[in-house]
Amino acid sequence: MSNTLGRRELQFAKTAAVDAAREVGVVLRRHLHEHKRANLVTQHDIKLELDVRSQALIEKWLAAVLPEAAVLGEEGTKGDVSSALRWVVDPIDGTVNFAYGIPHAAISIALQKDVGKRGKAAYEDGYRTILGVVYDPFADEMWTAMAGQAARLNGKAVHVSNRRKLAEAIVSIGFAKSRESLEATLPYFLKLVHSVRKIRMMGSAALALTYVASGRFDAYIERGIRLWDIAAGGLIVECAGGTFWRQAVSADFTYRMVVSNPWLRRKVHVPV
Ligand code: IPD
């Protein structure tokens with residue numbers, strides 16, 4: 001299978017991802033304050049039956065436009081995820097917020113192509129994100145980006161902040177889901193809290209990324225984050241002039257990540 005998409009095909013792919021995100025957005029708005037059925041509950045995580053249903057809805061839209069592309073999703077995979085093209089999908093990013101009725105969650109959809117391990121801007125496994133869509137259905141905010149073009153929020157170009165001083169920055173921190181990540185991150189949290197204006201932990205990685213892209217946050221760090229949480233938002237940050245540094249920490253698509261405007265890149269860190 002070829003991974004070369006023409007401009008028209010990429011545009012179709014973007015439209016399908018946007019339509020899929022909007023359709024799931026309707027479902028999420030409808031269910032926000034209703035009881036939700038959980039498939040799995042652990043100390044720091046909840047997996048909902050609606051996560052699975054939402055991914056299935058998204059897959060239908062994506063298969064209609066690019067039937068040859070695989071899907072690597074938080075709720076499972078479809079096809080061969082090492083094929084030339086793959087979608088990376090988080091149907092509900094911020095599931096715990098959503099489960100508790102907090103209207104801060106998003107649908108995240110990225111399209112990646114295999115460019116080989118030395119390809120420019122590629123992840124360690126040789127994939128590069130060429131399209132990213134993140135939708136917050138509760139604020140009706142749709143971010144989109146295509147590699148090499150400006151990132152957009154509801155159609156208008158966005159840019160990262162210009163703040164250069166850590167003392168004036170809002171930095172978002174995620175603690176992921178494991179005890180190990182929590183314990184590794186807490187000491188840095190305790191240090192950083194004294195150097196920045198505010199720390200925020202809002203519970204959706206995809207939205208933390210788009211908030212950096214839009215200049216609302218100045219940086220965001222997380223250790224133990226998964227590819228479906230960051231693939232779309234990472235491209236959106238880069239297309240908005242920001243830096244998106246990540247390092248694979250295991251073969252199961254888990255990363256350490258630092259996202260920021262270019263001025264703060266060396267001033268924030270992510271624990272090992
Ligand atoms: C989680 C959220 C959270 C982040 C976790 C993610 P999910 O995604 O983005 O903010 O701290 O690392 O796993 O499970 O709600 O899709």
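What follows is calculated from the coordinates using simple rules that are stated; it is not laboratory data. Everything numeric here is computed off the predicted structure, so don't read it as measured data. Glycine gets a Cβ as well: all are built from the backbone with ideal geometry, and neighbour counts include every protein chain shown.
A viscosity of 0.692 mPa s and a temperature of 37 °C, combined with the Kirkwood radius over Cα pairs in Stokes-Einstein, give a translational diffusion coefficient for the chain of 178 µm²/s.
For the stretch 1-101, state which GluC sites (Glu not before Pro) are in a DSSP loop and have at most 15 other beta carbons lying within 10 Å of their beta carbon. Passing both the DSSP loop test and the Cβ count: Glu34, Glu68. Pairwise Cα distances in the stretch 7-156 exceed 19 Å for 52 percent of all pairs. Normalised by 2.2 N^0.38 Å, where N is the number of residues, the C-alpha radius of gyration of the stretch 166-260 stands at 1.00.
Calculated FRET efficiency, Glu68 to Thr254, Cβ-Cβ distance, R0 = 30 Å: about 0.65 to the nearest 0.05. Pairs of Cα atoms nearer than 8 Å and 6+ residues apart set the relative contact order; for the chain it is 16 percent.
Peptides 150-157, 78-85, 198-205 ranked from most to least packed give 198-205, 78-85, 150-157, packing being the mean of other C-beta atoms within 10 angstrom over each peptide's residues. Counting charges near His104 (Lys, Arg +1; Asp, Glu -1) among other residues having Cβ under 12 Å from its Cβ returns a value of -2. Most simply put, the chain has about 80% antiparallel DSSP beta bridges, counting only bridges with both residues inside it. Set the Förster distance to 41 Å, then compute FRET efficiency between Asp140 and Asp45 from the Cβ-Cβ distance, nearest 0.05. Approximately 0.90, to the nearest 0.05. Inter-part distance, the stretch 1-56 to the stretch 212-272, computed on C-alpha centroids, equals 21 Å.
Sequentially through the stretch 248-260, phi angles give Karplus couplings (6.51, -1.76, 1.60; θ = phi - 60°) of 5, 10, 7, 7, 9, 6, 10, 9, 9, 8, 10, 10, 6 Hz, Gly and Pro residues having no value and appearing as x.
The label-point distance for Arg37 and His269, in a model that sets each label 7 Å from Cα toward Cβ, rounds to 4.8 nm.
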